[in-house]
């Protein structure tokens, strides 16, 4: 048994350790920053993808899949975009022994792959809005330290791309995106902040960017989503126009919404404890694990009864695993605690005789006996309670680690999210970043009541900015 | 309305035309050989992927996802493999403005990405067999003419990779793969041949290869699957060993099983007709389409009743679409015929009055009235009958286009699959290919009763070889 790391003592080591021990990812792949999705981690990711697909279906986005490779000339059309991504792209220059005429790059995001084609797809106002999405891998040559799920060079990525007749319709899309984000975050039991990023930290080419941030136990925030209003910024260079009701050609207004495998990173970091992962029931590969406690003489009966349990739980619509490995029950508990399975059922001779099942919650460790006939109700209720508990704990931790700082000195001392008065000027913003060694995450999209001074220049202001160290 | 192409007159043009008009793929992407999966085509592909995932789950394969990029040194370890794929790979040489120390290539298939890691994963006989698969995109710089789904440069790809203690256990895996192939092919209503490829046409690095071929209406065959016995060919260079029961280190025996988006190409080509696609019910994005026939005065009642129908059909577990577009019913029929929806329901005033639904099968065009109360039974039965009919038609067409040729001249004149006597020598095989301008697909894995002469050298033989022109 490997020694357990304490999450509270060294979050970073704990995170790396648990990622490995829970078998979420294998980091030994010989190309740096590119990890292998092992079966358990991949199942979590696919479960998240499925929730996203359900939400996309509900909101009538259509799934597409664009090519990975983008030609240099298409990529270069929007000046800000290439400035933002150009240094981090992987270039394909040869096929076999032959030099390519035009270099190709691996998509770091798909604007420049999609928009030349959107220019062909969009024709009339009647076809708008165009709402599409894809779930693909994107590539960014990150130079900062890599970390499983949080900073990697091949990124499992969701991106929605929409086209609208005008700014207001695009704004409606952003409201819908925020609603989707909320549904998803609830299923992942994650609190989050919607912050309008400062001008100097927008997505390359965007008119504005909403960063969706969650607070990790280290006190750093992790961006888990990005929602962008492009206005006509891409429509112009890519000539995406439609014919309006008067027969005039107009540029579309565009939005995008991106999320990635960082969602898995957030779930690991926010919910886990010293024993291992704690997975939100909606994305757990197994929601229930069954451990037989074999007693001499009636082993077969116990296994048989466990199979009955397994079928009953499966037929009720839950994801369940019956662990029949030939190792001690204690080792099984240990394994499934590391892997964060929300509920464990134990069935031994005593349970069998009394027609009960021993029932253990991963989040609280609480153990109780449940009457056999009440099992399914109990599972249903407990999974809901676990989800609620995870969200509440995370919310209260975020609250506890959010501070209003009156001065720069106060801000510097804080670990977590720091709110400050800010005049709104870029000059002050970037200097505050330098002095505090934190990042200006932005301003809340729903205006907060505030009146005070900019912590740097002292100017009276009603703007609150959020600061944090970030991943 | 674009003019319809006749499938029987020019299969190739019909195929390209229908792929576009059914909105399966957009070929206007500016990088050659890389097409865009549009929503309808992508849904078909995802439905096929889901069937594959179910089969993988049933047979206890675990899904993984390995990185796209492979370093040159890992790729080069198996000599035959690099000979087979080296000329067709895309090379990444730079990130941003910087030259990479070690060149990276985009996987053309994942042996060389996975096997260095399998060497770490596999330790003891107790952990074998290792059964994994992934569904990813692979890249091959095809120099032949590209064609949607059938020959592209970015390929949507399924690949199962397994490790076994010995040859016999690996052979059992191949039997299981053949069983999976059979289940899948039945759901796609595709007849196929399992042919052991001749030595000179094996997968690069394999001990032997079974090609799974289906006959297209053009008379050419399309390979839709490949099942490979590697023996220890990769285990040796990648040092994948396990400790046997005696504590000795042994090389694993490996197999792979690959399929791709060609399955979509086969479905289009084999089943479609002059009106458009005909989709097998198991993979149709919509199995049923409902078209309201609006009559003056009771439009709302008809729409309402159509919504009831939609709900009823959906609740019975079918994929259904209610087409409320403001265009003539005839245009809707036309559209959904192109897109190959297996069943169309029409509901108008007469139907409403008589408590019936008009019911049209895409495969036969047969139109009948169905009592409202019998609708779900009728849908269930009809979808089964459609699948059976598609498979039967395809089987009979394959039979009709398979010939036994006694001489090379006979072989040369045939269009379709040609069976010949073959001595089994490579020299004769390749010369037969040259003379007939056909490919030796191989020999059936279940030996056929035959006694005759090699069509080239005249030697007495009991080997039947299959020849065809191929895609």
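No value in this document is a laboratory result; all are computed from the given coordinates. All of these numbers come straight from a predicted model, not from anything done at the bench. Here the Cβ positions follow ideal geometry from the backbone for every residue, glycine too, while neighbour counts run over all protein chains shown.
The table that follows gives values for the structure above.
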quantity: Cβ crowding within 10 Å averaged over residues, with B:319-328, B:133-142, A:191-200 ranked highest first; calculated: B:133-142, A:191-200, B:319-328
quantity: Highest to lowest packing among A:254-261, B:403-410, scored as the average C-beta count within 10 Å; calculated: A:254-261, B:403-410
quantity: Whole-number D in µm²/s for the stretch A:25-167 (Stokes-Einstein; Kirkwood sum over Cα pairs; 25 °C, 0.890 mPa s); calculated: 143 µm²/s
quantity: The stretch A:11-271 - convex hull of alpha carbons, volume per residue in Å³; calculated: 134 Å³
quantity: Chain B, relative contact order in percent, only Cα pairs under 8 angstrom and at least six apart counted; calculated: 14 percent
quantity: For the protein assembly as shown, calculated [θ]222 nm from helices alone, where every DSSP H run of n ≥ 4 adds -39500 (n - 2.57); calculated: -10500 deg cm²/dmol
quantity: Angle in degrees between helix A:39-58 and the longest Cα principal axis of chain A, rounded to the nearest 10; calculated: 60 degrees
quantity: Spread of Cα-to-Cα distances over 5 Å intervals beginning at zero, given as percent, for the stretch B:111-194; calculated: 3, 10, 16, 17, 19, 16, 11, 6, 1, 0
quantity: Where N is the number of residues in the stretch B:402-468, Cα Rg divided by 2.2 N^0.38 Å; calculated: 0.95
quantity: Equivalent ellipsoid semi-axes - Cα gyration tensor, chain B, angstrom; calculated: 44, 28, 22
quantity: Span from the the stretch B:18-33 Cα centroid across to the the stretch A:192-211 one, whole angstrom; calculated: 35 Å
quantity: Using a 7 Å Cα-to-Cβ projection, residue A:372 label spacings across copies, nm, ascending; calculated: 4.7
quantity: Label point distance in nm, residue A:434-residue B:275, each placed 7 Å from Cα along Cα→Cβ; calculated: 7.3 nm
quantity: Partner chain coverage, peptide A:24-36 - average Cβ within 10 angstrom; calculated: 5
quantity: Cα centroid separation, the stretch B:279-338 to the stretch B:388-419 (Å); calculated: 39 Å
quantity: Between 0 and 90°, nearest 10: helix B:426-436 axis offset from chain B longest Cα axis; calculated: 40 degrees
quantity: Förster-model FRET efficiency, 22 Å R0, residue A:59 and residue A:120, C-beta, rounded to 0.05; calculated: 0.35
quantity: Zone residues, the stretch A:437-453, relative to residue A:404, backbone N less than 15 Å from point 7 Å out along Cα-to-Cβ; calculated: A:444, A:447-453
quantity: Cβ-based exposure ranking for B:120, A:222, A:263, in which fewest neighbours within 10 Å come first; calculated: B:120, A:222, A:263
quantity: Inverse of mean 1/r across different Cα pairs in the protein assembly as shown, Kirkwood, Å; calculated: 30.9 Å
quantity: Pairwise label distance in nanometres, residue A:367 with residue B:315, each label 7 Å out on the Cα-Cβ vector; calculated: 4.6 nm
quantity: Relative exposure of B:457, B:65, judged by other C-beta atoms within 10 Å (fewest first); calculated: B:457, B:65
quantity: Burial order of peptide ranges B:358-371, A:345-358 (average beta-carbon count within 10 Å, highest first); calculated: A:345-358, B:358-371
quantity: Peptide B:77-90, shielding by other chains (average Cβ, 10 Å cutoff); calculated: 2
quantity: Taking the convex hull of Cα positions in the stretch A:352-397, its mean projected area over all directions (nm²); calculated: 3.2 nm²
quantity: Copies compared at residue A:329 - label distances in nm, ascending, label defined 7 Å from Cα in the Cβ direction; calculated: 6.6
quantity: Chain B: angle of helix B:111-121 to the longest principal axis, Cα-based, in degrees nearest 10; calculated: 70 degrees
quantity: More than 18 Å apart - percent of Cα-Cα pairs taken over the stretch B:241-343; calculated: 64 percent
